[in-house]
Amino acid sequence: MSAARKRPRASQSRAILALDLDCFYAQVAIRSRPHLANRPVVILQKHLCVTSNYVARRLAHGAVQKMTPVSTALKACPDIVCIDGSDLTPFREANAEVLAVIRAWLHAKVTELGVGSFPIPCQKLGFDEVFIDVSRLVAEQVTAGGRPWEFQGHIFGRTDDDASRRALMVASQLASELRKEITLRTKLTLCAGISESKLLAKLAVNMNKPNDQTIFLSGDAAQYIAGRHPRSLPGFGYAVEGKISAWAKRNGKEDIKTAADVVQWFGDGKKGFASLAKVLDNDDQARKILELCQGTDTSPVIESGDAPKSLTSMDSFRSCTKIEDAERRVTIRAKDMVTRLRRDWELYGRRPKTLTVGFRFRGDGYHATMRAIPMPQEIVSLCSSKGADAADRSIIALSRAALFVLKDHAGVSASSTFDMTLISIGASAFTENKTEKNATSTKKETVASFFAPKEGKGMSSVCRPPNGRLLQNRSSPNPRRPLSPNASFSRCPICNEVLSSLLAKASLHVDQCLRRSETVSPARKRSKTASNTFRVDTFFQRK
DNA sequence: TCGTTAAAG
DNA sequence: TTTTCTTTAACGA
């Protein structure tokens, strides 16, 4: 009809896949605990359920959602199995596994075309999502011709553009094959959204869950977006909503309801753009937001690479007023960071130039502050040396550096009064170590060979902590199985005391413990491991 | 280069 | 809707 007037530029239209692993943490946790496959499962961080599997969601009738307190979840579904998700290692590894499968499959796909090699950008978003720009792959497949193309999966929307329809047909077949491959290799299911932009692909990926895929044909995308709450658009966050809301209030408007409101208030022309830029105090963001609200997203898929750009380890808590407690917490972070830094060295042969230390004090609300210093040489060299001894020494060095920053920039010391609620240690500004064999040549080899061929029991042996006499770890990668099918962790994640196998009782304890936690000396509470536990203070004295 | 803010999962 | 733990990008200084 009006297709001729719209002049769709088929040559420029892209084909983007958005992949999203189903309830990622829960899937990964259950994969290594097959006996939980049909049970309701939640993953805990502190006292909160950060994810749940679909069995739990069904049984709890919607009462278990993203940041639900354990106590609430247990009331809604007393049978629920709680798994401690405070160690993110298995999730990071599963993420790398999935990415390795994607890259291998993509590479094979390109190769089989026989038109030479070309890159296919993959952009990670969190541990469980990835965007893939398959435009080039689709174009080559269309050129190669052959089979009759058809859609795979659910179709949302419509289009008048034949070229775009065919491109998304091909893309949906790629998505379908890729999903099968990922599930076959990793035993993890996922959804896919297929469209011409990251925005639309991402909206599509959530339309049919779990383990399914949706094609978003963009003919009516603008109208569809117009009717939605703008907060549901990726990129339109809390702060932007706040600023626009405040503006609406000042100007006697109704509160912001739909993306159409935003377009109406600020227009889609040049001058409207300027007024939103003023409200947001940022030209580029204003343009982006206005486009978003009209269903337009031209942002490219940026290749993320395999290695993360930075590493952070953080801990938040109700209160920390004693220097020994601060030292203990810092040392736990340092241990985690050293483990990951050593792993990073193995995989990528690079070193961080910057050390960041974050902190937050009571009364600061959610406001955390960070300070950066050059990463001490001692730490990086120890992190690239083999042996448990080097690991221990670098934990000590890192702890001392972080404690120094805390003392110097935040006034946290034995002689000061403070009440911290957060500590974090980060490593960033990585430099490739080009001189070594560890660099690019073996890098691909290592990553690929590390994850790909592991079939049976790979995971747990993969990331063994540097076996220190430091800090006996209560959440080791593979803890003993629960005694009762109703009890999934045997110790309180807060005080580490042995828990009742009766869930209701255990959860009551955890809740109470949470309330009075951090005010009680943790050293005393962890009596079981106390004799083997590394004492920060004594260690610092003798070094 | 440092530090903050915002966004995402 | 501030509760968990992480990663990234952009921006101002």
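Check whether at least one residue in region A:291-301 is in contact (Cβ under 8 Å) with a residue 40 or more places away in the chain, under 30 Å from A:LEU347 (Cα atoms) and not in a helix (DSSP H, G or I), and report yes or no. Working first, answer last.
Residues of region A:291-301 that are in contact (Cβ under 8 Å) with a residue 40 or more places away in the chain, as a first pass: A:292-301.
Next, only the ones that are under 30 Å from A:LEU347 (Cα atoms) stay: A:300-301.
Subsequent filtering for residues that are not in a helix (DSSP H, G or I) retains A:300-301.
Scanning region A:291-301 turns up at least one residue that is in contact (Cβ under 8 Å) with a residue 40 or more places away in the chain, under 30 Å from A:LEU347 (Cα atoms) and not in a helix (DSSP H, G or I).
Need the failing condition index for A:THR339 against (1) open to solvent by 50 Å² or more (accessible area, probe 1.4 Å); (2) within 21 Å of the chain's Cα centre (by Cα); (3) not acidic (Asp, Glu), just the number.
Only one criterion in (1) open to solvent by 50 Å² or more (accessible area, probe 1.4 Å); (2) within 21 Å of the chain's Cα centre (by Cα); (3) not acidic (Asp, Glu) is unmet by A:THR339, namely (1).
Out of all the residues in region A:232-249, which are within 10 Å of DNA strand B (Cβ to nearest atom) and open to solvent by less than 20 Å² (accessible area, probe 1.4 Å)? It would help to see each step written out before you state the result.
Residues of region A:232-249 within 10 Å of DNA strand B (Cβ to nearest atom): A:232-244.
The answer is A:LEU233, A:PHE236, A:VAL240, A:ILE244.
Exactly one of (1) assigned to a helix (DSSP H, G or I); (2) more than 13 Å from A:ILE16 (Cβ to Cβ) is unmet by A:ALA171. Its number?
(2)
Taking the criterion of being open to solvent by 20 Å² or more (accessible area, probe 1.4 Å), over 30 Å from A:ASP261 (Cβ atoms), in contact with a Leu (Cβ under 9 Å, 6 or more places away or on another chain) and among the polar types (S, T, N, Q), would at least one residue in region A:312-334 satisfy it?
Checked against the condition, which is being open to solvent by 20 Å² or more (accessible area, probe 1.4 Å), over 30 Å from A:ASP261 (Cβ atoms), in contact with a Leu (Cβ under 9 Å, 6 or more places away or on another chain) and among the polar types (S, T, N, Q), region A:312-334 yields at least one hit.
So for region A:178-186 (the condition being closer than 12 Å to A:LEU17 by Cα and buried (at least 20 other Cβ atoms within 10 Å of the Cβ)), does at least one residue qualify?
yes
I need the full set of residues from region A:105-152 which are within 20 Å of A:LYS202 (Cβ to Cβ), part of a loop (DSSP other than H, G, I, E, B) and over 27 Å from the mean Cα position of the chain (by Cα), in order please. Spell out the reasoning first.
As a first pass, look at region A:105-152 and keep what is within 20 Å of A:LYS202 (Cβ to Cβ): A:106, A:120-135, A:137-138, A:151-152.
Next cut, part of a loop (DSSP other than H, G, I, E, B) only: A:120-121, A:126-128, A:134, A:151-152.
Listed by number, the residues that qualify are A:PHE151, A:GLN152.
Need the failing condition index for A:LYS253 against (1) modelled with pLDDT of 95 or more; (2) open to solvent by 10 Å² or more (accessible area, probe 1.4 Å), just the number.
(1)
Would you pick out the residues in region A:370-398 that are touching a strand residue (DSSP E or B) at 6+ places or on another chain (Cβ under 6 Å) and either more than 16 Å from DNA strand B (Cβ to nearest atom) or open to solvent by 50 Å² or more (accessible area, probe 1.4 Å) (or both)?
A:MET370, A:ARG371, A:ALA372
In region A:211-223, is there at least one residue being among the aromatic types (Phe, Trp, Tyr), within 16 Å of DNA strand C (Cβ to nearest atom), surrounded by 13 or more Cβ atoms within 10 Å (Cβ to Cβ) and within 30 Å of A:SER176 (Cα to Cα)?
For region A:211-223, residues among the aromatic types (Phe, Trp, Tyr), within 16 Å of DNA strand C (Cβ to nearest atom), surrounded by 13 or more Cβ atoms within 10 Å (Cβ to Cβ) and within 30 Å of A:SER176 (Cα to Cα): absent.
Given (1) open to solvent by 40 Å² or more (accessible area, probe 1.4 Å); (2) at pLDDT 95 or above; (3) more than 16 Å from DNA strand B (Cβ to nearest atom), identify the lone condition not met by A:PHE127.
Among (1) open to solvent by 40 Å² or more (accessible area, probe 1.4 Å); (2) at pLDDT 95 or above; (3) more than 16 Å from DNA strand B (Cβ to nearest atom), the lone unmet condition for A:PHE127 is (3).
State which residue is farthest from DNA strand C (Cβ to nearest atom) when the search covers only region A:280-303 and only residues that are buried (at least 21 other Cβ atoms within 10 Å of the Cβ) and of a type in the set (Val, Ile, Thr).
A:ILE289
Looking only at residues in region A:399-429 that are assigned to a helix (DSSP H, G or I) and open to solvent by less than 30 Å² (accessible area, probe 1.4 Å), which one is farthest from A:VAL338 (Cα to Cα)?
My answer is A:ALA410.
Among all residue pairs at least 6 apart or on different chains, which show Cβ distances below 8 Å where the first residue, located in region A:136-155, is under 29 Å from A:PRO210 (Cα atoms) and the second is open to solvent by 60 Å² or more (accessible area, probe 1.4 Å)?
Close Cβ pairs satisfying both conditions: A:TRP149/A:ARG166.
This table checks each residue for (1) surrounded by 20 or more Cβ atoms within 10 Å (Cβ to Cβ); (2) out of contact with any Asp or Glu (no Cβ under 9 Å at 6 or more places or on another chain); (3) without any contact (Cβ under 8 Å) to a residue 12 or more places away in the chain.
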residue	(1), (2), (3)
A:LEU21	yes, no, no
A:PHE24	yes, no, no
A:SER32	no, yes, no
A:ARG39	no, no, no
A:GLN45	no, no, no
A:ASN53	yes, no, no
A:SER71	no, no, no
A:ASP79	no, yes, no
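Scanning region A:353-377 for residues that are within 11 Å of DNA strand C (Cβ to nearest atom) and assigned to a strand (DSSP E or B), which turns out farthest from A:VAL405 (Cα to Cα)?
A:ARG360
The values are calculated or read from the model by the stated rules, or taken from the named source; none is laboratory data. The structure displayed is predicted, hence computed values, not measured ones. Don't worry about glycine lacking a Cβ; one is built from the backbone with ideal geometry, like all the others, and counts go over all protein chains shown. These area figures cover heavy atoms from the full protein model, side chains too; ligands, DNA and RNA do not enter into them. Shrake-Rupley method; radii C 1.70, N 1.55, O 1.52, S 1.80 Å.
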